[in-house]
Number of protein chains: 4
Amino acid sequence: MDTEPIYDLAHLAHLELLTPKPDESLKFFTGVLGMTESAREGNSVYLRAYDDYERYSLKLTASKQPGMGHVAFRTRSPQALDRRAAALRGTEYEFGWGESDLTHGPAFYCRDPDGHRIELYYETQWYEAPQEMRPALKNQAQKFPARGANVRRLDHWNGLAADIEANRRFFETYLGFRLTEQIVLDDGTEAAMWMTCTNKSYDFAYTRDHTGAQGRFHHLTYAVNSREEVLLAADICLENGVYIETGPHKHAIQQTFFLYVYEPGGNRVEVANAGARLILAPDWKPIRWTEAERKKGQAWGLKTIESFHTYGTPPVEPGS
Amino acid sequence: MDTEPIYDLAHLAHLELLTPKPDESLKFFTGVLGMTESAREGNSVYLRAYDDYERYSLKLTASKQPGMGHVAFRTRSPQALDRRAAALRGTEYEFGWGESDLTHGPAFYCRDPDGHRIELYYETQWYEAPQEMRPALKNQAQKFPARGANVRRLDHWNGLAADIEANRRFFETYLGFRLTEQIVLDDGTEAAMWMTCTNKSYDFAYTRDHTGAQGRFHHLTYAVNSREEVLLAADICLENGVYIETGPHKHAIQQTFFLYVYEPGGNRVEVANAGARLILAPDWKPIRWTEAERKKGQAWGLKTIESFHTYGTPPVEPGS
Amino acid sequence: MDTEPIYDLAHLAHLELLTPKPDESLKFFTGVLGMTESAREGNSVYLRAYDDYERYSLKLTASKQPGMGHVAFRTRSPQALDRRAAALRGTEYEFGWGESDLTHGPAFYCRDPDGHRIELYYETQWYEAPQEMRPALKNQAQKFPARGANVRRLDHWNGLAADIEANRRFFETYLGFRLTEQIVLDDGTEAAMWMTCTNKSYDFAYTRDHTGAQGRFHHLTYAVNSREEVLLAADICLENGVYIETGPHKHAIQQTFFLYVYEPGGNRVEVANAGARLILAPDWKPIRWTEAERKKGQAWGLKTIESFHTYGTPPVEPGS
Amino acid sequence: MDTEPIYDLAHLAHLELLTPKPDESLKFFTGVLGMTESAREGNSVYLRAYDDYERYSLKLTASKQPGMGHVAFRTRSPQALDRRAAALRGTEYEFGWGESDLTHGPAFYCRDPDGHRIELYYETQWYEAPQEMRPALKNQAQKFPARGANVRRLDHWNGLAADIEANRRFFETYLGFRLTEQIVLDDGTEAAMWMTCTNKSYDFAYTRDHTGAQGRFHHLTYAVNSREEVLLAADICLENGVYIETGPHKHAIQQTFFLYVYEPGGNRVEVANAGARLILAPDWKPIRWTEAERKKGQAWGLKTIESFHTYGTPPVEPGS
């Protein structure tokens, strides 16, 4: 190894989700997922899981179409932010320093080759729970809500992209993400990738968009503490008329225990648990899955549902 | 922040545990915890949890007394190893480059202020499962054993030390560990610390040794995927005559769900689950627990058992 | 076996709990345990767990002192009710046909030797969920609440009594309960009993009241679906300032996984899970626990907390 | 209600399973499910789950074809056995008193309208664990195995039948089973039924055999204590090359959490958990599911796999 890895990104920080049904989406995230509203500004409501340490991990913005507005990563230091900005300066991916999102310090914006908008920042505001939401244990950001699915923290997100390999190289080169698993088709092209900047086995994933559209969103994921709580989340979705797309079941790739639903605005949301699995090896060798292996379905044999391959937000108009 | 954090250590890699009853200890780790023997050499048997990526995470060595032989951390790169060696060179803590443990490349040895022996290395051997232990999913190191407590991976260890603050400064300064939680007594002295070099909330902890002895061992911990499996581990220990010291219960500090038992050689072993909790904030503010807070007991009110404060290995002779 | 067992009682149906803090108690049962109010009458509020098939399983009555007003069992048929009434007729235990509790048909009242008031009835009202509480699956009484501990159904209750043996004979002879487990002291006297009229391993238990008082109440228990949910209930009690007396832990006797708390009115409440354990043997041989065995504590070694032996409701005045 | 219910059957006691691969089937039940061999006789091996109170709950018999040899129910008393024998005497269903199965007293044999062979008996042998299998808690039949899926007890079985209604009437009339749920097609014919003689929501189920064959077997089910253990069982089956047909998922009907696999002999086996759900109402009103409701799939939307409707043992030869 000639050069050392980049350790400049700390973690996935928040997503801006666009919804054409803001009231119903808000009710889903607070009532069904058990999240807490922590700010409002303009057309946006800011939401948090009970153990997110920052003030919010989800910015829910009223919009004509569902989809993702942008995704934000926090850097490990101010210097790390400057280094990433410097690396991107002058490239086709740079948007440059821009208006900071609520509670953030200086923010640098860029896009990946597929066009997903990315915010990088370091300065942030830690959440301070109001009296009635103070946790009993002071190492937790907020009281356990005991409402809905009780999601603990933002875990990862999944985008759709036309060219997986190009996006992989972008995230490796400019942002220092590491590839942990991938799907490589028989023709040698990459069909999906899972990348991390932490010890989590992935902080985001991209899968190929078969529609040819660009910059689309597949899903975001909140973590709960156990597989049992994913099962309870399924019960709760069932009881509340939330559309369950697939699961609960165990992914063969990454072994996470998943439940996929659609929030009322049309965006796919996952509730997941990863168990004790972490990527601790600094020289982790990416796991490569073949077409034949993928045909076996998920870990226990569940066939991947067709809509999982085709549905994303915003929806693609036929013929567009 | 003037200087940036050190990111040179990748993770806790293995412990050498000393046991006066090697056969019985081996039977405990393989039969009750569900670990796998992966090598033997001299008086030592090497053991692994099913998803440890390296060949072993436990070196069990026959010895007159129980206790810990040494603890090993893997660095993130060869350069990182050299940097840590350079930092320690010429200090009172340096032992210098020494004989590598089985499967490791160059190893640098040092000790902390309390005398615990520490190995640092980068080159290692990844575990390759023999045919009958190949996992169904190739992102897992080894087949799920379906035997005993089915521990997944080494999680952390806990040492006893005379001077917690001195040890904290050593681990921060020379090895780049970050403090996540601590106990500070009313007189301002530090009584316990939890430190991490990963996104886990701790990779090791030190608590004050009230006997005045040095370099002693408190416990090592293996992780399972759920709290339910910690409960099952308690059932299994009960059925197999393993001494259960305390638990299962939830720690107030760090919120891990714990079970403490003594392996036949006399060393304390923990089976634990951390849920979805991770330390993602690069600027995590250490949680400080007071004497009054500690008197409340564990999370749900369980009083900390007296032996937890007094028992360590090797045992201290009365009057010594 | 000369005579056949009595199969006249169907199940424990409800308890009337007395509370000096009716508003706070109500808030506990609805907010923390996740129960639903289904009726009000006079000084009483009627409550139900989400899968209780009858309209209520708890009658919460404002009172000067905490304790139990009465306990009700439903019979298997109208004939079974008449048979039990006939058996009790003319005995010292008979109160006779009395005013039916809300939604019940003819009710026969008696008392056990210790003075606990007992209602027997057959006719009842099945719960019909209002539109917004209709369950997604029609084999469930009510929508899963997704609030607090989400208790599923009333499981059992526990009384204190001066003379365990006398009470055992009463419940065996007049009501057809079967003894499944008991504690017998070294002097041959019975100190506790667990009895059932179903396939559950117990529908109620009695333990000796060391104060010499009569007719007191020890606790009532609601069941959840898993041990994980008992752990979540502990988290929820912790967050909401509910006094946790002991647990979660596993009982050696009956193997149930328990959590004991005090509701604001002072009555002890248990949240428990029994797993897959059922008493299916029609000739089950009662398990007899000795003093020595009880000294080992609970299943995994937790010492039984002192208040568990002394605290009951109503409290006993010192010197009374 | 003019007449009272029959309470003569205590519980499902054992099944005789036929297997063309006796060695492999035995290895599956002991190694993967975690059962214990408790006797051998002729071509049969007797097996038990760790908390079955009788000596065995499964008789595994070498045979040319897979399928079920017979099913046995234990009565609640000797008198109850005589009453059932008397009721069946002279009917077309009677086989009469026959050779008792291992460890049983007098056995009466009959068949249902579809031809499944049924044994009724009362006298039995309680399991006495050898020293090394003694449980730590004396209210459990045997030590927790800590091997494979650790199934606790036989739960239920499922048969295929040509005429569901005829079979329902047989089980209600002659054996006193109660219907808890059923599927009724739009043409008014019954397509499936779930029946119980305990507080479990079913002790067996029958579904219509579309092949027109008679007396076939669909599956048998062992219970574990939690949904988490069903998930672990799926992991274990995956690791051991056991064919997973469908699940884990939650049944809409009966709400049990299921995993269906095929044992090496070809018979379908389920590992399931029922949670805290019990049928306590003595006048339970059967839940009737329509075709439209069944088309919604399982509880969380999983479509019922085609083979679930077509595959049974023995297999039906095409054209036979």
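The values are calculated or read from the model by the stated rules, or taken from the named source; none is laboratory data. These numbers were taken from a predicted model, which means no experiment stands behind them. So basically every Cβ, Gly included, is an ideal-geometry build from the backbone, and we count neighbours across all protein chains shown.
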(message) Between C:Phe95, C:Phe108, which is in contact with a Cys (Cβ under 7 Å, 6 or more places away or on another chain) and either in a loop (DSSP other than H, G, I, E, B) or at pLDDT 95 or above (or both)?
(response) C:Phe95
(request) For B:Asp82, work out the one condition from (1) free of Cβ contacts under 8 Å to residues at least 60 places away in the same chain; (2) within 19 Å of the chain's Cα centre (by Cα); (3) within 18 Å of B:Gly176 (Cα to Cα) it doesn't fulfil. (result) (2)
(request) Could you tell me whether C:His219 is away from chain D (no Cβ under 14 Å) and surrounded by 22 or more Cβ atoms within 10 Å (Cβ to Cβ)? (result) yes
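Please state which one of A:Val269, A:Val261 is more than 10 Å from chain B (Cβ to nearest Cβ), part of a strand (DSSP E or B), touching a Cys at 6+ places or on another chain (Cβ under 8 Å) and crowded, with 20+ Cβ neighbours inside 10 Å.
After ruling out the rest, the residue left standing is A:Val261.
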(request) Scan the range D:223-246 for residues that are more than 7 Å from every other protein chain (Cβ to nearest Cβ) and not acidic (Asp, Glu) and report the count. (result) 9
(message) Would you confirm, using the coordinates I've provided, whether D:Gln255 is of a type in the set (S, T, N, Q) and over 16 Å from C:Asn225 (Cβ atoms)?
(response) no
(request) Report yes if some residue within the range A:162-169 is of a type in the set (Asp, Glu), in a loop (DSSP other than H, G, I, E, B), in contact (Cβ under 8 Å) with a residue 60 or more places away in the chain and away from chain B (no Cβ under 14 Å); otherwise report no. (result) no
(message) Residue under question is B:Glu293, and the condition is that it be over 28 Å from C:Glu239 (Cβ atoms) and among the charged types (D, E, K, R); does it hold?
(response) no
(message) Please go through the range A:249-258 and give me each residue that is at the interface with chain B (Cβ under 10 Å from one of its Cβ atoms) and not in a loop (DSSP other than H, G, I, E, B), ordered by number.
(response) A:Lys250, A:Phe257
(message) Scan the range A:70-82 and tell me whether some residue there is among the hydrophobic types (A, V, I, L, M, F, W, C) and surrounded by fewer than 20 Cβ atoms within 10 Å (Cβ to Cβ).
(response) no
(message) Which numbered condition in (1) more than 30 Å from A:Gly297 (Cβ to Cβ); (2) out of contact with any helix residue (DSSP H, G or I) (no Cβ under 6 Å at 6 or more places or on another chain); (3) within 14 Å of another protein chain (Cβ to nearest Cβ); (4) of a type in the set (Ser, Thr, Tyr) is the only one that B:Tyr127 fails?
(response) (1)
(request) Could you please find all residues in the range B:1-30 being closer than 19 Å to B:Ala223 by Cβ and either touching a helix residue (DSSP H, G or I) at 6+ places or on another chain (Cβ under 7 Å) or assigned to a helix (DSSP H, G or I) (or both)? (result) B:Leu9, B:Phe28, B:Phe29, B:Thr30
(request) Scan the range A:274-309 for residues that are of a type in the set (D, E, K, R), more than 10 Å from chain B (Cβ to nearest Cβ) and either in contact (Cβ under 8 Å) with a residue 60 or more places away in the chain or closer than 30 Å to B:Tyr121 by Cα (or both) and jot them down. (result) A:Glu291, A:Arg294
(message) With the structure loaded, tell me whether D:Asn240 is surrounded by 24 or more Cβ atoms within 10 Å (Cβ to Cβ) and in contact (Cβ under 8 Å) with a residue 60 or more places away in the chain or whether it fails that test.
(response) no
(message) Going by what's in this entry, would D:Val45 be described as farther than 21 Å from D:Asp112 by Cα and free of Cβ contacts under 8 Å to residues at least 24 places away in the same chain?
(response) yes
(message) Just to be sure before I move on: is B:Ala87 in contact with a strand residue (DSSP E or B) (Cβ under 9 Å, 6 or more places away or on another chain), among the hydrophobic types (A, V, I, L, M, F, W, C) and crowded, with 17+ Cβ neighbours inside 10 Å in the structure I sent?
(response) no
(request) Considering only residues that are touching a helix residue (DSSP H, G or I) at 6+ places or on another chain (Cβ under 6 Å) and not in a loop (DSSP other than H, G, I, E, B), look in the range B:33-54 and name the one that is farthest from the other protein chains (Cβ to nearest Cβ). (result) B:Val45
(request) Give me a count of the residues in the range A:38-66 that are more than 26 Å from B:Pro286 (Cα to Cα) and charged (D, E, K, R). (result) 4
(message) The conditions are (1) surrounded by 18 or more Cβ atoms within 10 Å (Cβ to Cβ); (2) closer than 30 Å to A:Tyr7 by Cβ; (3) more than 8 Å from every other protein chain (Cβ to nearest Cβ); (4) of a type outside the set (Gly, Ala, Ser), and B:Asp209 fails exactly one of them. Which is it?
(response) (2)
(message) Taking the criterion of being polar (S, T, N, Q), within 14 Å of the chain's Cα centre (by Cα) and under 24 Å from B:Phe108 (Cα atoms), would at least one residue in the range B:154-173 satisfy it?
(response) yes
(message) Looking only at the range C:141-158, how many residues end up being surrounded by fewer than 23 Cβ atoms within 10 Å (Cβ to Cβ), in a strand (DSSP E or B) and either without any contact (Cβ under 8 Å) to a residue 12 or more places away in the chain or of a type outside the set (D, E, K, R) (or both)?
(response) 1
(message) For the list (1) more than 16 Å from D:Val261 (Cβ to Cβ); (2) crowded, with 22+ Cβ neighbours inside 10 Å, I need the number of the one condition that D:Ser25 fails.
(response) (1)
(request) Please specify each residue of the range A:196-246 satisfying the condition of being part of a loop (DSSP other than H, G, I, E, B) and under 25 Å from B:Leu278 (Cβ atoms). (result) A:Cys197, A:Thr198, A:Asn199, A:Lys200, A:Ser201, A:Tyr202, A:Asp203, A:Val224, A:Asn225, A:Ser226
(message) Please verify whether D:Ala205 is of a type in the set (A, V, I, L, M) and closer than 30 Å to B:Gly241 by Cα, treating the condition exactly as stated.
(response) no
